[in-house]
Amino acid sequence: MEALIASAIAVLGSCGIYLVLRERTFTVILGLALLAISVNLFLLSMGRVAPGHAPVIEEGIELVSYVDPLPQAVVLTAIVIGFAMMAFVVVLSISAHFVTGTDHLDGEEQSP
Amino acid sequence: MNHWIALPILIPLISAVLIPLVGRPTILIRRALGLVACLGTVAVGAWMVLRTRLGEIYTYSLGDWQAPFGVVLVLDGLSALLVALTGVVSLFCLLYAMNRHDQKGKFFHFFIQMQIAGICGAVLTGDLFSLFVFFEIMLLSSYNLLVYTGAKKSLTAGIHYVILNLTGSALFLLAIGTLYGVTGTLNMADMALRVGELGTEDTALVRAGALILMVVFFLKAAILPLYLWLPNVYSSAVAPVAALFAILTKVGVYAILRVSTLIFGAEAGVAAGAVEPYLLPLATFTLVLGMIGALASTHLRKMMGYLIVASLGMMLMAMGLFTAEGIAAGLYYLPHSTIAMAMLFLLADQIGRQRGPEDDRLVLARLPTQKSVLGLIFFIGAIAVAGLPPFSGFLGKVWVLQASLPSPHVVVIWPVVLLTSLMALVAFSRAGTLIFWKAKEPADEDEKGRKCASAFELLPIIGLLTCIVLYTVYSGPIAEFCTVIAEHLLAPHGYIEAVMGAQK
């Protein structure tokens with residue numbers, strides 16, 4: 001389980017970094033999304049990977065087997081914020097595309 | 001309970017909610033609401049400074065959830081200083097924006113208030129994750145303020161700025177995750193205690209977490225090599241927004257100072273001094289490169305942007321000494337440079353408007369219409385920023401020089417400070433000569449259609465100028481206040497006890 005999550009974070013993160021370094025807004029936004037997903041997975045796994053345990057302690061649940069609820073709360077907030085930011089950057093890049101007429105990050109095509 | 005600690009967040013937040021709700025019919029209501037909120041922030045900020053001037057620390061548990069389980073707001077001298085500064089700068093920026101800038105976008109006043117709420121929240125919170133949340137509030141408002149006019153220049157600069165900061169946010173979460181994984185807490189005071197108890201097997205993780213966190217704050221504070229975005233972004237924003245942005249970078253400085261002294265200070269065990277070896281050299285290079293940029297600028301606004309970079313290098317270099325004297329000197333320099341740079345941004349806007357088609361380009365053009373008033377303010381601003389007597393810039397730089405005397409880095413700091421001051425002087429002389437001395441009087445047929453600043457446009461600029469003068473006049477008490485803050489930062493027991501002891 002740990003190996004699976006760790007490699008997922010690594011693959012998503014490295015794809016994200018590669019795409020962020022591209023020169024078109026669309027690929028960069030995709031890269032930011034992948035980067036955000038990998039970071040959210042990383043945050044979630046910081047409460048230790050323990051499948052099958054409840055984060056909320058109720059009656060009838062033994063105290064020895066629960067997972068830390070804080071990372072889950074934190075990652076929820078991070079997902080919401082990340083989602084809002086993604087929506088914003090998409091709208092911004094569309095309006096920049098209309099104004100500049102290109103999807104290049106610098107607002108103009110680079111001469112080769 | 002100290003409910004009033006939440007006021008600097010609540011006042012702008014409530015006003016921001018009311019502005020779109022109540023202020024729909026006319027801009028006058030929106031302006032009045034914004035102005036009242038800014039005045040309220042100034043008043044609360046001033047009161048906070050008075051309450052914390054002897055080093056008192058107040059805490060407020062949100063929703064009465066006790067630390068370290070709930071989020072706490074912590075008010076100490078450093079937070080109070082930043083809140084008061086935010087209030088003052090935003091008040092004058094808002095006044096200036098009321099001339100014409102706030103009519104270009106419906107939600108201008110909303111975003112200004114959200115921005116203030118974000119800044120005040122970031123400097124008041126005692127929790128690492130809510131620091132992230134307030135950073136995001138602050139940044140999202142700043143994105144909108146940057147691009148709200150829809151101008152081509154600001155849209156391209158905006159895309160760079162947004163993408164850079166989104167990557168920074170990802171790194172911020174990464175650092176928070178790492179630190180939480182090692183210490184099991186997000187409360188900064190609690191984290192400071194737990195970091196001190198870590199065994200050597202966690203050294204690599206906790207130091208990596210600390211340094212990733214610092215990369216994020218260096219990006220916000222525009223420290224080498226992450227400053228390249230700043231001149232472009234600041235010069236493409238409209239003047240009152242650029243002037244307000246002068247305080248955004250100071251939040252980065254605040255975060256660097258808070259985290260590096262509280263969590264990774266001298267008593268952090270395996271993580272002690274994780275930041276210390278990097279801050280001073282990076283800040284020194286930032287100062288030098290910022291000044292070179294200012295010398296090489298082709299536009300007045302870009303030059304101001306580079307001068308902001310240089311001033312950040314200056315204050316972080318002093319703070320990078322990590323002595324009480326050094327931090328105090330840096331803190332004294334912080335409000336001075338923020339106010340002076342905000343004033344110069346507003347002034348650059350007026351100069352650009354009155355020069356006509358050449359705008360703020362540093363070329364020979366016609367004289368600004370009100371050459372004597374603008375020239376005089378430019379002259380005083382230049383003296384203040386370059387660090388010539390009699391203004392606070394001079395006192396700040398002398399204090400930095402003095403503070404560096406016991407340090408082995410003195411051989412670097414003295415020449416760098418003195419040379420960069422000379423470079424600032426050369427840059428200002430070049431700009432001033434081109435704009436005010438060598439420029440030609442306009443021919444008569446140009447006379448019609450020339451713009452002239454109204455009294456209400458000059459008022460905020462002169463107001464900020466008065467703030468610099470007052471800051472210089474009251475240097476004595478302010479310097480004492482800075483010393484108190486610096487001593488408390490270097491001995492974080494008081495802060496930790498105030499937060500963690502609140503549960504008893």
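Values quoted throughout were computed directly from the atomic coordinates according to the rules given, and no laboratory measurement underlies them. Everything numeric here is computed off the predicted structure, so don't read it as measured data. No Cβ is skipped: glycine too gets one built from the backbone with ideal geometry, and neighbour counts run over all protein chains shown.
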Notebook entry, point to check: Distance from the Cα centre of the range B:359-398 to that of the range B:292-312, in angstrom?
Noted result: 14
Notebook entry, point to check: About its Cα centre, how strong a charge dipole does the range B:278-473 have in debye, to the nearest 20, once Lys and Arg get +1 and Asp and Glu get -1 at the Cβ?
Noted result: 180
Next item on the list: Along each of the three principal axes of the Cα atoms of the range B:278-473, give the extent in whole Å, ordering the values from largest to smallest.
Entry: 62, 32, 22
Note to self: I need two numbers for chain B: Rg to one decimal and Dmax as a whole number, Cα atoms only, in Å.
What the structure shows: 22.1, 79
Notebook entry, point to check: When A:97, B:493 are ordered from fewest to most other Cβ atoms inside 10 Å of their Cβ, what list results?
Noted result: B:493, A:97
Next item on the list: State the Cα centre-to-centre distance between the range B:127-160 and the range A:73-112 in whole Å.
Entry: 12
Item checked: Sites residue B:414 and residue B:43 - FRET efficiency at Förster radius 41 Å, r taken between beta-carbons, to 0.05 -> 0.50
Notebook entry, point to check: Per residue, how much space in cubic angstrom lies within the convex hull of the C-alpha atoms of chain A?
Noted result: 94
Notebook entry, point to check: What is the fewest-to-most order of A:1, B:138, B:423 by other Cβ atoms lying within 10 Å of their Cβ?
Noted result: A:1, B:423, B:138
Check: Where the convex hull is taken over the Cα atoms of the protein assembly as shown, what is its projected area averaged over directions, in nm²?
Finding: 29.6
Next item on the list: Order the peptides B:120-127, A:66-73 from the highest to the lowest mean number of other Cβ atoms within 10 Å of their residues.
Entry: B:120-127, A:66-73
Notebook entry, point to check: Of all DSSP beta bridges located in chain B, what percent are antiparallel, nearest 5?
Noted result: 90
Check: So how far apart, in nm, are the two label points at residue B:454 and residue B:197 if each is 7 Å from Cα heading toward Cβ?
Finding: 6.3
Next item on the list: With +1 on each Lys and Arg Cβ and -1 on each Asp and Glu Cβ, and nothing else charged, work out how big the dipole of chain A is about its Cα centre, in Debye to the nearest 20.
Entry: 140
Checklist line | Convex hull volume per residue in cubic angstrom - Cα atoms of the range B:137-229 | finding: 96
Notebook entry, point to check: Is there a simple number for the mean count of other chain Cβ atoms within 10 Å of the Cβ of residues in B:173-184, and what is it?
Noted result: 5
Check: Fully extended, how many nm does the chain gain between residue B:402 and residue B:296 (0.36 nm per residue separation, minus their Cα-Cα distance)?
Finding: 35.2 nm
Notebook entry, point to check: Placing +1 at every Lys and Arg Cβ and -1 at every Asp and Glu Cβ, with all other atoms neutral, what dipole size does the protein assembly as shown have around its Cα centre, in debye to the nearest 20?
Noted result: 2080
Check: Which of the lysines could be linked to residue B:104 by a straight reach, that is with a Cα gap under 30 Å, when you skip same-chain ones fewer than 8 residues away?
Finding: B:152, B:153, B:220, B:250, B:302, B:371, B:448, B:451
Note to self: Taking the beta-carbon count within 10 Å as an exposure proxy, list B:160, B:101, B:3 from fewest neighbours to most.
What the structure shows: B:3, B:160, B:101
Margin query: What distance in nm lies between label points placed 7 Å from Cα along the C-beta direction at residue B:359 and residue A:49?
Written below: 5.3
Check: With Rg and the Kirkwood Rh both taken from Cα atoms, where does Rg over Rh land for the range B:264-371?
Finding: 1.16
Margin query: Just to confirm the filter: which trypsin sites (Lys or Arg not before Pro) across the range B:14-123 are DSSP coil and have at most 15 other Cβ within 10 angstrom of their Cβ?
Written below: B:100, B:104, B:106
Next item on the list: Treat each spin label as a single point 7 Å out from the Cα along the C-beta direction, and report the residue B:379 to residue B:164 distance in nm.
Entry: 3.6
Next item on the list: Report, as a whole number in µm² per second, the diffusion coefficient that Stokes-Einstein gives for the range B:146-302 at 10 °C and 1.306 mPa s using the Kirkwood radius over alpha carbon pairs.
Entry: 94
Check: To the nearest whole number, what is the average tally of beta carbon atoms from other chains within 10 Å of the beta carbons of peptide B:150-162?
Finding: 5
Check: Rounded, prolate or oblate: which fits the range A:1-45 when a ≥ b ≥ c are the square roots of the eigenvalues of the alpha-carbon gyration tensor, with rounded for a/c under 1.5 and prolate only if a/b beats b/c?
Finding: prolate
